[in-house]
Amino acid sequence: MNFHGTEARQRALTLLRGGAKNADVARSLNLPLGTVGYWKHMDRAARGECPGRHDPKCPRCDGRELDEAAYAYLLGLYLGDGHISHYSEHRVPNLMITCTESWPGLMDECERAMRAVFPENSVCRVRKTGCRNVKVYSKHLHCLFPQHGPGKKHERPIALEPWQQAIVDAHPWEFIRGLIHSDGCRITNWTTRMVAGERKRYEYPRYLFSNKSDDIRKLFTDALDTVGVEWSTLARGSDPFNISVARKASVALMDTHVGPKH
């Protein structure tokens, strides 16, 4: 067989267009893997499907419509557990949110939010030990997340742009959910009280949010104030890194709009 003949190429492309993997096509037709990959690339390019050929629009640069509720949630995730990086071998930067394997529902919500905010961009999950990194690639990440910069978030100022603050003001619960889903949790506390001479144990739910950045904690508590949730600061030693929501009415509000991770 002529490995580079028209007939072999057409047979390979037929299989590839049907969803077959490059390695399987190369093995079944006795073709070099690199040749199959090159044929697939050229075929997709000719049909306008080659990655990188399209130019997704940006809400900030091009005025594309933005799913603001999804963005508010994703912004909360980013401020908690996300970061933007640009590897030298990649053409565009990526936003990565680290999600533990214990919360598959959270992982699904993160991916849905990324796809809603970046409907034309590639979203993927990368498995790591005990967690997965949910990633989206876009050259406009810095436009939508201007808080990106060198160093750790808690070591530099974090402030929302006016257009971001307007979105958070319009969708405070989505923003709060993103922050809780990244750096927060819902736990059950307990205490004991003397009742009629007998010590009894009482349990009660509480939401906690922990972040070393004074600015990010302030964004969180400002959003809580907006929706009428009472909160307090818990200091471990001299470090006031923890925000607590423990009052019954406020916990009920959080349960309605946030809920435990899942």
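The values are calculated or read from the model by the stated rules, or taken from the named source; none is laboratory data. If you're wondering where the values come from, they're calculated on a predicted model, not measured in any experiment. Every residue, glycine among them, receives a Cβ derived from its backbone with ideal geometry; neighbour counts consider all protein chains shown. Just so you know, the surface numbers come from the protein's heavy atoms only, side chains and all, with ligands and any DNA or RNA stripped out. Shrake-Rupley method; radii C 1.70, N 1.55, O 1.52, S 1.80 Å.
Name the single residue that is surrounded by the fewest Cβ atoms within 10 Å (Cβ to Cβ) among those in the stretch 146-162 being part of a helix (DSSP H, G or I) and over 18 Å from the mean Cα position of the chain (by Cα). Outline the logic, then answer.
The first filter runs over the stretch 146-162 and keeps only residues part of a helix (DSSP H, G or I), leaving 153-155, 162.
Next, from what is left, pick out any that are over 18 Å from the mean Cα position of the chain (by Cα): 154-155, 162.
Details: His154: 14, Glu155: 10, Pro162: 6.
Of everything passing the filter in the stretch 146-162, Pro162 is surrounded by the fewest Cβ atoms within 10 Å (Cβ to Cβ).
Close contacts from the stretch 78-98, counting a first residue that is buried (at least 21 other Cβ atoms within 10 Å of the Cβ) and a second that is assigned to a loop (DSSP other than H, G, I, E, B), with Cβ to Cβ under 6 Å and a gap of 6+ residues or different chains, come to Tyr78/Phe145.
Entry remark, the stretch 57-74: residues being basic (Lys, Arg) and under 11 Å from Ser138 (Cβ atoms) number 1 in total.
If you go through the stretch 92-125 and keep only what is of a type in the set (Asp, Glu) and assigned to a helix (DSSP H, G or I), you end up with Asp108, Glu109, Glu111. Restricting to the stretch 124-165, give me the number of residues that are at pLDDT 90 or above and among the β-branched types (Val, Ile, Thr). So the answer is 3. Inside the stretch 102-145, residues that are of a type in the set (Asp, Glu) and open to solvent by 50 Å² or more (accessible area, probe 1.4 Å) make up a count of 2. Among the residues of the stretch 73-124, those identified as small (Gly, Ala, Ser) and over 10 Å from the mean Cα position of the chain (by Cα) are Ser85, Ser88, Ser102, Gly105, Ala116, Ser122. Go through the stretch 127-145 and count every residue that is in a loop (DSSP other than H, G, I, E, B), touching a residue at least 24 places away in the same chain (Cβ under 8 Å) and polar (S, T, N, Q). Residues flagged as in a loop (DSSP other than H, G, I, E, B), touching a residue at least 24 places away in the same chain (Cβ under 8 Å) and polar (S, T, N, Q) within the stretch 127-145 amount to 1. Where helices (runs of 4 or more DSSP H) sit wholly within the stretch 163-262, those with at least 3 residues that are surrounded by 21 or more Cβ atoms within 10 Å (Cβ to Cβ) occupy 172-183, 214-226.
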